[in-house]
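To start, the structure under review is shown below, and the notes come after it.
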Amino acid sequence: MEEIRIGVIGTGAIGQEHVARLHNTIAGARVTAVCDINTESALTVASKHGLRVEPNMDSLIAANDVDAIVVCCYDPVHAKAVLDSISKGKPVFCEKPLATTRQDCKKIVDAEIAAGKRLVQVGFQRRYDKGYLQIKELIDSGDFGRPLMAHCAHRNASVADNYDTTYAVYSTAIHEIDAVHWLIDDEYVSAQVIIPSSTKYTRPDFLKDPQFMILRTAKGVLIDIEVFVNCRYGYDIQCEIICEDGILKLPEPSFPMVRKNERLSTRLETDWKRRFIEAYDVEMQDWVNSALKGEVNGPTAWDGYVAAVTADALVRSQTTGEVVDIITGSTPDFYK
């Protein structure tokens, strides 16, 4: 197969980005159909790129001119879309989260194992970001000794009105959960959330912000994640790994140094799509290349399951502040 024909489920913000990416940037792929519960949105995207609109995800997944699926729809629908794609034997790229419950993630893992072939990749794009890849290479080199601690921050200038306390885990910290798990190659064993006084820019009864999350691993690594989604000043992603023989820190996005109005300054990124645009491109090209070969080389369904179990533990701790055990079980041989 020289070209893979793709159906995209969901034409919201990230769905539109992926359709445009597949249409204009990615080699070896062609979007043939889209669908969305918001028909007007689907029609707008389809008209822009000359695509067909399917009435629902069932018909899109079953379509003869759709070889692979990209899932960008409402989070609670992810599980059905992925499970149906597996049942048709079609490769599926699912934006995070893989599913909204650990039970549904486990169903996906079990279905994929039963199918006897890896078909699922989860959209954890941090693994394709140049800075994270550089840190991963340095850790794996062994030149810096064992990781001992990790400090992470995920800050947004502001968020939508429907963003609540649990979103800080399921929608935001989920990226750090996967990225650090991948970077240090260690399993989480406990989680805790400590919530300070909330910023004046949010409703404390609806969204506790900021939040401080603590994870511990089987090898004793201590990880803290600051989530602050109303920081006001920009979109700021930080990651620092403290090792025995050195410290590795994620580089800042590159912007020119400007001298103006008696100030020396550098602008900050404000848009998550721009901050990780290259990572999204590399991620999608890797998925297409792998799918053409019948492989999955990115984050797996098991990675999605581990992230979901960890996120559930953090959310439980949000209400109590207590340390919560994380039990994922051993990684199946299928994913080793």
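Compute the length gained on full extension between T39 and N56: take 0.36 nm times their separation in residues and subtract their Cα-Cα distance, giving the result in nm to one decimal.
Numbers: separation 17, 0.36 × 17 = 6.12 nm, distance 0.95 nm.
Residue separation times 0.36 nm, minus the Cα-Cα distance, leaves 5.2 nm.
In square nanometres and to one decimal, what's the mean projected area of the convex hull around the Cα atoms of the chain? Spell out each step's value before the answer.
On the way: hull surface 75.7 nm².
The number I arrive at for the chain is 18.9 nm².
Computed from phi, the 3J(HN,Hα) profile of the range 160-166 under the Karplus parametrisation 6.51, -1.76, 1.60 (θ = phi - 60°) reads 5, 5, 8, 6, 10, 4, 5 Hz, with x in place of Gly and Pro.
Between the range 14-37 and the range 95-116, the C-alpha centres lie 24 angstrom from each other.
For A29, the residues 5 or more places off, or on other chains, whose built amide H falls under 5 Å of its own are I4. Across the chain, Cα pairs under 8 Å and at least six residues apart give a relative contact order of 20 percent. Considering the range 214-336 at the alpha-carbon level, its Rg and Dmax are found to be 19.3, 61 Å. Each Lys and Arg adds +1 at its Cβ and each Asp and Glu adds -1 at its Cβ; summed about the Cα centre, the range 112-176 shows a dipole of about 220 debye. With R₀ fixed at 41 Å, the C-beta to C-beta distance from K219 to T101 puts the FRET efficiency at about 0.90. Remark: the chain carries a charge dipole of roughly 560 debye about the Cα centre, counting +1 on each Lys and Arg Cβ and -1 on each Asp and Glu Cβ. With θ taken as phi - 60° and the Karplus curve 6.51 cos²θ - 1.76 cosθ + 1.60 applied, the whole-hertz 3J(HN,Hα) list for the range 234-240 is x, 9, 10, 10, 10, 8, 9 Hz, x standing for glycine and proline. Build a GNM of the chain with springs between Cα atoms under 10 Å apart, and of G304, G116, G220 the one that fluctuates most is G116.
Cβ-Cβ distance of D161 and E295, R₀ of 25 Å, FRET efficiency by 1/(1 + (r/R0)^6): the value works out to about 0.05.
Which FRET efficiency, nearest 0.05, do D143 and A115 yield, Cβ-Cβ r, R0 51 Å? Spell out each step's value before the answer.
Values: r = 40 Å, r/R0 = 0.79.
The formula returns an efficiency of 0.80 here.
Extending 7 Å from the Cα toward the beta-carbon at both R5 and E244 defines two label points whose distance is 5.5 nm. Within the same chain, lysines fewer than 8 places from K48 are excluded, and of the rest, those with a Cα less than 21 Å from its Cα are K273.
Taking θ as phi - 60° and the Karplus parameters 6.51, -1.76 and 1.60, the scalar couplings of the range 85-90 work out to 5, 4, 4, 8, x, 9 Hz in sequence order, x denoting glycine and proline. Computed from Cα positions, the angle between helix 102-115 and the longest principal axis of the chain comes to roughly 50 degrees.
Highest GNM mean-square fluctuation among S317, S41, S59, for the chain modelled with Cα contacts below 10 Å: S59.
If you look for lysine pairs in the range 130-269 that are eight or more places apart or on different chains, how many of them have Cα atoms under 28 Å apart? If you can, show how the numbers build up before the last one.
Numbers: K130/K219; K130/K249; K136/K219; K136/K249; K200/K208; K208/K249; K219/K249.
Total qualifying Lys-Lys pairs in the range 130-269 comes to 7.
Sorted ascending by nearby beta carbons within 10 Å, beginning with the fewest, K130, K136 become K130, K136.
Where a number appears in this text, it was derived from the coordinates with a stated rule and is not lab data. What you see is a predicted model; the values in this text were computed from it and never measured. FYI the Cβ positions are ideal-geometry reconstructions off the backbone, even for glycines, and counts take in every protein chain you see.
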